[in-house]
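S.K.: I have a structure I would like to understand better, so I am pasting it below and will then ask my questions one at a time.
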Amino acid sequence: MRLIDQLLEHPLFEEQCVKRILEPLGFEVHVECQETPDRDEEPENTERFEASPEAYMAALTFEVPEGFTELARFDTEDCEIVMVAVKPTTALAELLLAQEETATPLAAIATERRRQVESEGWTPEHDNSHAPGILATAGAFYAMHGLKGMECAPPPAFWPWHDSWWKPGTARRNLEKAGALTLAEIERLQRQAEDVEEQMHEIRQRTTDGSEH
């Protein structure tokens with residue numbers, strides 16, 4: 001089950017408009033409807049629908065736009081069968097589409113990343129001081145030791161920092177640290193790209209302002 005499915009099952013969202021729930025979470029929402037079978041015109045389909053609404057609805061054909069993921073099918077009191085598809089437009093929406101078994105490891109990596117920032121002081125400013133690839137390299141060493149779970153293993157050759165910062169643990173903890181360090185490198189690259197874009201915007205703005213005089 002996906003995290004978004006668990007969210008929509010909460011009693012708080014009963015009888016609420018799907019778009020009203022999903023759009024603030026960062027989803028673009030696509031909705032299609034078909035009428036439930038009419039007993040007089042489609043007696044066989046009516047029997048199939050009444051015998052197993054879920055199976056009947058699953059067999060229907062809906063057009064899901066490119067880039068969208070089908071989220072749900074359900075019938076309404078207005079005799080309609082509704083298909084809802086979503087397209088994530090934010091990081092939160094992407095996470096909500098993750099399967100439950102994926103969410104737990106992601107949460108562990110996020111917790112480790114937060115610990116690195118709050119307890120170790122590895123803030124964005126600190127991470128920006130590292131040479132490109134250093135954080136990812138450290139993460140790779142933890143990943144390579146991930147399955148070993150050697151808590152007393154010596155620092156590997158070419159470990160990028162002081163030996164005191166090599167802190168292997170269980171196999172799972174090593175992989176969590178690897179994921180968090182890789183995440184830190186991705187965050188650093190993102191900040192770098194944003195800084196370059198901001199500089200380019202300023203250059204374009206100055207060029208535009210100069211051409212107007």
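S.K.: What's the extension gain from Ala153 to Glu14 if we count 0.36 nm per residue and subtract their Cα-Cα distance?
M.R.: Once the chain is fully extended between Ala153 and Glu14, it gains 44.7 nm.
S.K.: Between Ala103 and Glu23, take the C-beta separation as r, use R0 = 25 Å, and let me know the FRET efficiency to the nearest 0.05.
M.R.: That gives a FRET efficiency of 0.70.
S.K.: Would you mind checking which residues have amide H under 5 Å from Glu28's amide H? H placed 1.01 Å from N; only 5 or more apart, or other chain.
M.R.: Here the answer is Lys87, Thr89, since their amide H atoms fall under 5 Å of that of Glu28.
S.K.: Eigenvalues of the Cα gyration tensor times 5, then square-rooted: what semi-axes does that give for the range 103-211, in whole angstrom, largest first?
M.R.: Numbers: eigenvalues 243, 43, 24 Å².
Working from the Cα gyration tensor, I get semi-axes of 35, 15, 11 Å.
S.K.: I've got another one for you. Could you pull out every residue, at least 5 positions away or on a different chain, whose amide H is within less than 5 Å of the one on Ala72? Hs are placed 1.01 Å off N in the peptide plane, and Pro or chain starts have none.
M.R.: Here the answer is Val84, since their amide H atoms fall under 5 Å of that of Ala72.
S.K.: With viscosity set to 0.692 mPa s at 37 °C, what whole-number translational diffusion coefficient in µm²/s follows for the range 3-93 from Stokes-Einstein and a Kirkwood radius over Cα pairs? Show your work: numbers first, answer last.
M.R.: On the way: Rh = 14.4 Å.
Estimated via Stokes-Einstein, D reaches 228 µm²/s.
S.K.: Expressed in nm to one decimal, what extension gain is obtained for the pair Ala51 and Glu198 from 0.36 nm per residue of sequence separation less their Cα-Cα distance?
M.R.: Details: separation 147, 0.36 × 147 = 52.92 nm, distance 5.98 nm.
Answer, rounded to one decimal: 46.9 nm.
S.K.: How many nm separate the modelled label positions at Arg2 and Glu120, each set 7 Å beyond the Cα in the direction of the Cβ?
M.R.: 3.3
S.K.: Just to check I understand the Karplus step: with θ = phi - 60° and J = 6.51 cos²θ - 1.76 cosθ + 1.60, what whole-Hz values come out for the range 68-83, glycine and proline as x?
M.R.: Each residue's phi maps through the Karplus curve to give 9, 10, 5, 9, 6, 10, 7, 9, 10, 5, 8, 6, 10, 10, 10, 10 Hz.
S.K.: Can you compute the FRET efficiency between Ser164 and Ile186 using 1/(1 + (r/R0)^6), with r the Cβ-Cβ distance and R0 = 30 Å? Round to the nearest 0.05.
M.R.: Given R0 = 30 Å and the Cβ-Cβ separation, E is 0.75.
S.K.: Just from its helices, what would the mean residue ellipticity at 222 nm be for the chain, if runs of 4 or more DSSP H residues each count -39500 (n - 2.57) and the sum is divided by every residue, rounded to the nearest 500 deg cm²/dmol?
M.R.: Calculated mean residue ellipticity at 222 nm is -16000 deg cm²/dmol.
S.K.: Another question, then. What are the residues whose amide H is under 5 Å from the amide H of Thr36, where those residues sit 5 or more places off or on another chain and H is modelled from the backbone?
M.R.: The answer is Glu80, Ile81.
S.K.: Next up: How large is the direction-averaged shadow of the alpha-carbon convex hull of the chain, in nm²?
M.R.: 20.2
S.K.: When the Karplus curve 6.51 cos²θ - 1.76 cosθ + 1.60 is applied with θ = phi - 60°, which whole-Hz ³J(HN,Hα) does each residue of the range 59-66 get, with x for Gly and Pro?
M.R.: After applying 6.51 cos²θ - 1.76 cosθ + 1.60, I find 7, 6, 9, 10, 8, 9, x, 4 Hz.
No lab work stands behind these numbers, since they all come straight from the coordinates. All of these numbers come straight from a predicted model, not from anything done at the bench. Cβ sites come from the backbone with ideal geometry, for glycine too, and all protein chains shown count toward neighbours.
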